[in-house]
Structure formats: structure tokens, C-alpha cells
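Below is one structure, written out as C-alpha cells; comments come after it.
The values are calculated or read from the model by the stated rules, or taken from the named source; none is laboratory data. None of these values were measured; they are calculated from a predicted model. Cβ atoms come from the backbone with ideal geometry, glycine included; neighbour counts cover every protein chain shown.
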Amino acid sequence: MAVLVQKYGGSSVATTDRIKKVAARVSRSQEEGYQVVVVVSAMQGMTDRLIAMAKEIMPIPTEREMDMLLSTGEQITIALTAMALHAQGVPAVSLTGAQAGILTDGVHTKARILNITPKQIYRFLDAGQVVIVAGFQGRTPEGHITTLGRGGSDLTAIALAAALKAELCQIYTDVDGVYTADPRVAPNARKLDEISYDEMLELAGSGAKVMQLRSVEFAKKFGVVFEVRSSMNDNPGTIVKEEAKSMEDVVVRGVGLDKNQAKVTVEGVPDRPGKAAQIFSALARAAINVDMIVQNVSRAANHPVTDVSFTVDKADLPKALKVMEELKPQIGFESVDANEQIGKLSIVGVGMRGHSGVAARLFEILAREKINIEMISTSEIKVSVVIDRKRADEAARTVHAAFLE
Ligand code: ADP
Ligand code: ASP
Ligand code: MG
């Protein structure tokens, strides 16, 4: 029998009524003849509430205990979803990430999946049960509970689809699919029928939180084709798959906006070989992902110092500042400054490979609106700029209108 993996995000399981609706959809899929594995997230807002409580106790919470805490969110949902299926007469069983055989490394709050042993899952599927797995969590070989980074239930679903060789993997959320921009920011955004892994990767890395970045990396690596669709209706969603030739006809596939980054500027860094290596190795050791980096030209020839700016997730900012303070005596820089009032705007499309002048056009559009660019980075299929957060939404709409309307 073919296996179907369905993932329901926080908004799809936000209330017990919605959980009942999820159960009804799952039950229909089982009636269609599938062995169904359901991955659920914590109820909407739950993970944020748990994080806020932890921070009331300590500003940089102990990471092992953080995982112990955050994993409870998903554990509530799996039990309620299994009960909702029971109430509709469908045999179902809930499993934590550990029980489902999801083994991870020990990097708490951002663990990576090492492998999946789906013995238990198969046992229950073969007994005719729907299997409900807690998203976003796993366990280390030593038995510690871990979580997979924000939005990590997407990764649980994709990884299970790969491990179980699922025929279909559906990601149910609160929008009809992947749009040309966040529909909440750009009302004229259109739903895409399909998108390549590489474009989805760049959009996910540019703040389109509809899919977690790592889950898309995983899908690309293992060739998992998946569909992003709404749990509120039956509209067809967006298929995410390997690039097809025809996809290159579109220069810009989508606009991404990330308002969850912060810019850190290390001022007065001695302009000598090895200083950048020291800064970024220390951040890497603390498992902090750095996105954009800019180093200014040396300030004075007789006393060469420079400023180094980089961006990190806002959630990592306190940790990044602590790392920098600890490094200060070793590097001998002057000061550190943090700016949370930034937005990263990106345009993405595989068609950019064959077209020149796309970045120039983006800069012109922003110049016309008198929006200052603070940082720039590019890849073969993406151009990103850091701008003032206050003007970020407006900039996203203007850029969307210029390239996609
Ligand atoms: P879930 O709780 O189902 O995991 P998320 O909140 O993580 O859902 O992701 C869905 C949200 O992603 C949407 O409500 C939408 O506001 C946002 N989003 C950002 N960019 C995009 C995009 N390009 N296409 C669709 N949704 C997007
Ligand atoms: N509950 C987790 C989060 O809010 C995981 C997820 O929703 O995918 O990040
Ligand atoms: Mg999500």
C-alpha cells in the first residue's frame, strides 16, 4: 500500500475544532487507500509562549532544557489529533519524534537528523493505524530530546517521506501554496503552480517562512517532491520539485522579505589577516548561522582598523553579542553595535542565470523610492539587500509590482 505523509502546521491545529477538521481530512485520505502518516506542529502560538516563559526565567535559556520544554508543544497536538481520529472511529496512534525513530545530533534547538529507523511506524501502519508523529523533534543517540529549529515540523515531514518512500508528501498550511511574495505583505501576490527546489531554497532563506529552509535542503538532496497547500480548502497547491527547462523562462519567480534578522557591527577591528576567521569561527562554534557579511575599507593607513558587519537571526542576537564580548580582548576591536531595525528584501529566480541587469534594476527601483541600501549579497539566482525595517513592506510591494505584476 502506498504511504502518504501529511504535515499540518500550527494554524491548522490551532483549536480543537481545527484538529477535528484535520482528523476528517486524514480519515478521507485513509479511505482513498493510503497508509497515512501525519506530522503535526504545536498549536499556533504555543512555541512562542513557551520560549517567552523560558526567557522570563533566564535571558539565554539552557539549550537542553529548552528542547525539553519546546518538544511538549507538539506532544499536546499529537495526542489531541489521535483522539480526534478515535472520536471519528479511525484507529490512530501518536508517537513522539524519539518513538518514531528520529535520531539527531546533539546540537540542541537546531539539531540535524542523522537517520530515521521507522520500525515502529511500519508496525502501526501495517496494523491499519494512522500514525501521528510529533514534528520538530528527535532524540540523540544518548537519548536526549532535541528540536530541529523553528519551523522544523516541515523537516520532520520531508524526512519521513524520504525514509518511508512515500508516494506523496503534502504540507498543509494557512495559505493556498507558495506565492510570488508573502500574501500578507503583498496582496497582489499570486500562487505558483510549481517552483524548483533551488528557488524554494532561496525564498526560504529569504524569509518566506512557508517552508523551513533545512526541510527544502533535505527534499532536494533526497529528491522528495512535495506539495504545499491549504488545510482550509481543497484547492490544488504548489508542487516543489527539481528544476524543469521551462522554469528558466521566468526571470524573477518571487520576492522574499525577512524581518527576523539583526545586523551586528563590530567596530574598529584591527585590519590584519585572521581577524575575520576568529570572529566567524567563534560564531560557528556557538551554532549561530551568519547570513550576510560586509567588511568596510580600512579607515586610516597608519592605524588600519575596519568595521565588520554581519546579519544573524534575531533569536540568535543575544548569543552572538555574548560571543563577541568574550572575543573582545582576543581580537582587540573597539565596540559592538546591534541593529534590529532592518529588513532583508530578496528577489529570486532561476531565470536570472540567463539575464544581466536584474540587480541594477532592483537598485534603481529602490533608488526611485529613496530607500537606502545598507548591505547587498547575491547568488546565481538571487539578489538580496538590507534596508530600513520601517520601509520594508512598502519596498516589497513596489519590487513585486515592478517584477511580477
Ligand atoms: P505553518 O504554521 O503551517 O507551518 P507558517 O506560518 O510557518 O505556517 O507559514 C505560512 C505563512 O508563510 C503564511 O501564512 C504566509 O504569511 C507566510 N509566507 C511568507 N512568504 C510566503 C510565500 N512566498 N508564499 C506563501 N506564504 C508565505
Ligand atoms: N512548533 C515549532 C515552531 O513553532 C515547529 C513548527 O511549527 O514547525 O517553530
Ligand atoms: Mg511553518
### Query
Which of the residues belonging to segment 348-387 are of a type in the set (D, E, K, R) and within 15 Å of M292 (Cβ to Cβ)?
E374, K382
### Query
Residues S246, S215: which one is closer than 30 Å to D393 by Cα and hydroxyl-bearing (S, T, Y)?
S215
### Query
Based on what the data block shows, is D176 more than 30 Å from R64 (Cβ to Cβ), part of a loop (DSSP other than H, G, I, E, B) and free of Cβ contacts under 8 Å to residues at least 12 places away in the same chain?
no
### Query
So, of the residues in segment 68-82 that are more than 17 Å from R150 (Cα to Cα) and touching a strand residue (DSSP E or B) at 6+ places or on another chain (Cβ under 7 Å), which turns out to be surrounded by the fewest Cβ atoms within 10 Å (Cβ to Cβ)?
A79
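Consider E243 carefully, then state whether it is within 11 Å of I195 (Cα to Cα) and either surrounded by fewer than 20 Cβ atoms within 10 Å (Cβ to Cβ) or aromatic (F, W, Y) (or both).
yes
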### Message
Among the residues in segment 284-295, are any within 16 Å of ligand 1 (Cβ to nearest atom), under 27 Å from V358 (Cα atoms) and within 27 Å of the chain's Cα centre (by Cα)?
### Response
no
### Query
If you go through segment 328-336 one residue at a time, do you hit one that is of a type outside the set (F, W, Y), modelled with pLDDT of 95 or more and within 28 Å of the chain's Cα centre (by Cα)?
yes
#### Entry: Identity of the residue in segment 176-222, aliphatic (A, V, I, L, M) and away from ligand 3 (no atom under 14 Å from the Cβ), that ends up farthest from M247 (Cα to Cα)
V185
### Summary
Considering segment 310-360, residues that are crowded, with 18+ Cβ neighbours inside 10 Å and hydroxyl-bearing (S, T, Y), and then whichever is nearest to A401 (Cα to Cα), we arrive at S346
### Message
Within segment 46-64, does at least one residue satisfy the condition of being of a type in the set (V, I, T) and within 16 Å of ligand 1 (Cβ to nearest atom)?
### Response
yes
### Query
Among S153, S196, which is within 15 Å of K110 (Cβ to Cβ) and either under 17 Å from the mean Cα position of the chain (by Cα) or not charged (D, E, K, R) (or both)?
S153
### Query
Does segment 126-185 hold any residues that are of a type in the set (S, T, N, Q) and away from ligand 2 (no atom under 16 Å from the Cβ), and which are they?
Q129, T140, T180
